[in-house]
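**Student:** Got a structure for you, questions after.
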2 protein chains.
Amino acid sequence: MNLTTYLKNIVPFPSKELEDIISYFERESVQKNSPLVRKGQVCSKLYFIEKGVGRSYYLKEAGKEVTQWFFVEGQFMSSIESFFQQDPSLYYLEMLEDAIVYSISREKLDLLFARYHNMEKLGRLLSTEMLTRVVNKLSAIQFQTARERHDYMLTEFPDIANRVPLGHIASYLGMTQETLSRIRRGNS
Amino acid sequence: MNLTTYLKNIVPFPSKELEDIISYFERESVQKNSPLVRKGQVCSKLYFIEKGVGRSYYLKEAGKEVTQWFFVEGQFMSSIESFFQQDPSLYYLEMLEDAIVYSISREKLDLLFARYHNMEKLGRLLSTEMLTRVVNKLSAIQFQTARERHDYMLTEFPDIANRVPLGHIASYLGMTQETLSRIRRGNS
DNA sequence: TGCATTATTTGACATAGGTCAAAGGAAACC
DNA sequence: GGTTTCCTTTGACCTATGTCAAATAATGCA
C-alpha cells in the first residue's frame, strides 16, 4: 500500500499539499527483527508500513514478551503515547519481516499539522480510528473466552496467523501459546 | 470544571473563536440514571461533564451489565465510535449522579472542525489522550492480577470508589463483585 | 423511625486457563 | 543432507477467579 494513495483516500488533499507532505517522509528499509524502538526510549518517529508486518510488545518479568499490537501494510505504526507525549516508551517496536516503511519525526509532523488544516484532520481521523480498534480489543479481552478472542483476532488481522509465530499471537490475545494451540486443534 | 477554561487550557484559542465555539454547545441538566444513549442507537451528541459522574456499559447475556468506562467532571463523554462513525452504539451511556453537561451534535462539531484549525487540533489532542488511557487500561486488564488492576483503577479514577456502586467498578475491572470485595478486605 | 430495597460481604465449590516438562516438527545453517 | 535451533503440540497437574446461594449492612423513602 502506497503512502500517497493511502493519505488521499482519507482526506482529499490538494495535490500540491500532498506532495509537500510526502516530501517530509523518508523511505527506509528495515530488516526483520530489528527494533524500531526499545522500552525506555522516547519514540522519535511515526512509521507508515508499505511492506511488512510489525508488532509492539511489552517485556514482562522473566523476560517474557507480550505482544500488544500488530501493524500491517497500509497502517501507521508507532509507540503512540511515547511519540505524542514524548515520554519513554513502555514497550518495544519491531518489524517481523523485512520491511519498507516511511518515517517522519515529531517536529516535522507538528510542522505539517500546523501548516495544513487537512493534515490536522488526518491526524484526528486516524487517532479516532485507532481508538475504535483498541476499544474493540479491550472488549474482546475483557469479556470473551479464549476461543472467542481467537475469532475476534481473525477479523482484526485476517492473515496474520500465517505470517507470525503462534506465541506472538497468543500473548496478543492474552493467553498462553499452549492454550492457543489447543484452540486451533479444535477441542479444548 | 468549566468548559471554557478547559478548552483554553488545551489549545490557546483566540477569545473570539472560543466564544463562537462555546455558543454551539447546549447546557443540559441530566437526572441520575437517565440514559444518554442506548445500545443500538446512533449516539448523536458529544457531552462535556461540568458536574457529575457517568459511565458507559455493555449489556451482556442474562442482563448482566459490564461497565466499560467512567467519565468524571472536566471530561468529554460519548459513545465515541458511534458518534464519529455514525454507527449504532454497542453500549449504553448514563449518568450516575444528577449532572450538568454541555452537549453538541455531530453536525455542529463538524462545522467547528471545518471552521477552525484550532478546533481540529483540539479534537486530535483529545483523541490521542483518550487513546493513551484506553491502552493503559488494556494493558492492566491483559496482564495484571485482580489486585493489580484494582491499584491501576485508583490511579485512573482516584475518588470513584466513593461515588459509584462496587459492582460497577468490579465489572469495569473485569472481575466479579465478590472478587473485588475480597480484594478490598485485604486478603484473597 | 421503621420497612423495603439495594448493595456488600462471606462461604463452599467449580472450572477455564495457566504452569511445567517433554516430545515432535520445521526451518535455517554449514 | 545432517545437525542445531526454534516453533508447536501434547499431557498432567494446579490455581486464581468465577458461580451460586445466603447472610449482613446500608440506603432510601413513607
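The values are calculated or read from the model by the stated rules, or taken from the named source; none is laboratory data. Worth saying up front: this structure is predicted, and the values here are computed from it rather than measured. Here the Cβ is made from the backbone with ideal geometry for all residues, glycine too, and neighbour counts use every protein chain on show.
**Student:** Are any residues in region B:88-117 at pLDDT below 95 and not hydrophobic (A, V, I, L, M, F, W, C), and if so, which ones?
**Tutor:** B:TYR91, B:TYR92, B:GLU94, B:GLU97, B:ASP98
**Student:** Can you tell me which residue is farthest from DNA strand C (Cβ to nearest atom) among those in region A:142-163 that are buried (at least 18 other Cβ atoms within 10 Å of the Cβ) and away from every other protein chain (no Cβ under 14 Å)? Please lay out each step first, then the result.
**Tutor:** Applying the first criterion (buried (at least 18 other Cβ atoms within 10 Å of the Cβ)) to region A:142-163 yields A:142, A:149-150, A:153, A:157, A:160.
From what is left, the residues that are away from every other protein chain (no Cβ under 14 Å) are A:150, A:157, A:160.
Values: A:HIS150: 10, A:PHE157: 19, A:ILE160: 16 Å.
Step by step, filter region A:142-163, then rank; the result is A:PHE157.
**Student:** Return the residue satisfying two criteria in turn: it lies in region B:9-34 and is at pLDDT below 95 and charged (D, E, K, R), and of such residues it is surrounded by the most Cβ atoms within 10 Å (Cβ to Cβ).
**Tutor:** Among those residues, the one meeting the criterion is B:GLU28.
**Student:** With B:ILE183, B:ILE169 as the choices, which residue is within 12 Å of DNA strand C (Cβ to nearest atom), more than 30 Å from A:LEU126 (Cβ to Cβ), in a helix (DSSP H, G or I) and under 15 Å from the mean Cα position of the chain (by Cα)? So that I can check it myself, show each step before the final result.
**Tutor:** Details: B:ILE183 fails: under 15 Å from the mean Cα position of the chain (by Cα).
Residue meeting the stated conditions: B:ILE169.
**Student:** Here's something else I'd like to know. Test A:GLU129 against the criterion of being of a type in the set (D, E, K, R), within 15 Å of DNA strand D (Cβ to nearest atom) and without any contact (Cβ under 8 Å) to a residue 12 or more places away in the chain, and give yes or no. Even if it seems obvious, please write down each step before you answer.
**Tutor:** On the way: of a type in the set (D, E, K, R): yes; within 15 Å of DNA strand D (Cβ to nearest atom): no; without any contact (Cβ under 8 Å) to a residue 12 or more places away in the chain: yes.
Spelling it out, it is not the case that A:GLU129 is of a type in the set (D, E, K, R), within 15 Å of DNA strand D (Cβ to nearest atom) and without any contact (Cβ under 8 Å) to a residue 12 or more places away in the chain.
**Student:** Taking A:SER139 and the conditions (1) within 10 Å of chain B (Cβ to nearest Cβ); (2) within 13 Å of DNA strand C (Cβ to nearest atom); (3) polar (S, T, N, Q), which numbered condition does it fall short on, given that it satisfies the others?
**Tutor:** (2)
**Student:** Go through the residues of region B:111-127 one by one and say whether even a single one is of a type outside the set (Lys, Arg), within 12 Å of chain A (Cβ to nearest Cβ), more than 12 Å from B:LYS45 (Cα to Cα) and part of a loop (DSSP other than H, G, I, E, B).
**Tutor:** There is at least one residue in region B:111-127 that is of a type outside the set (Lys, Arg), within 12 Å of chain A (Cβ to nearest Cβ), more than 12 Å from B:LYS45 (Cα to Cα) and part of a loop (DSSP other than H, G, I, E, B).
Let's see how each residue does on (1) in contact with a strand residue (DSSP E or B) (Cβ under 7 Å, 6 or more places away or on another chain); (2) within 30 Å of B:VAL66 (Cβ to Cβ); (3) free of Cβ contacts under 8 Å to residues at least 12 places away in the same chain:
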{"position": "B:PHE13", "(1), (2), (3)": "no, no, no"}
{"position": "B:ILE21", "(1), (2), (3)": "no, no, no"}
{"position": "B:GLN31", "(1), (2), (3)": "no, yes, no"}
{"position": "B:PRO35", "(1), (2), (3)": "yes, yes, no"}
{"position": "B:CYS43", "(1), (2), (3)": "yes, yes, no"}
{"position": "B:LEU46", "(1), (2), (3)": "yes, yes, no"}
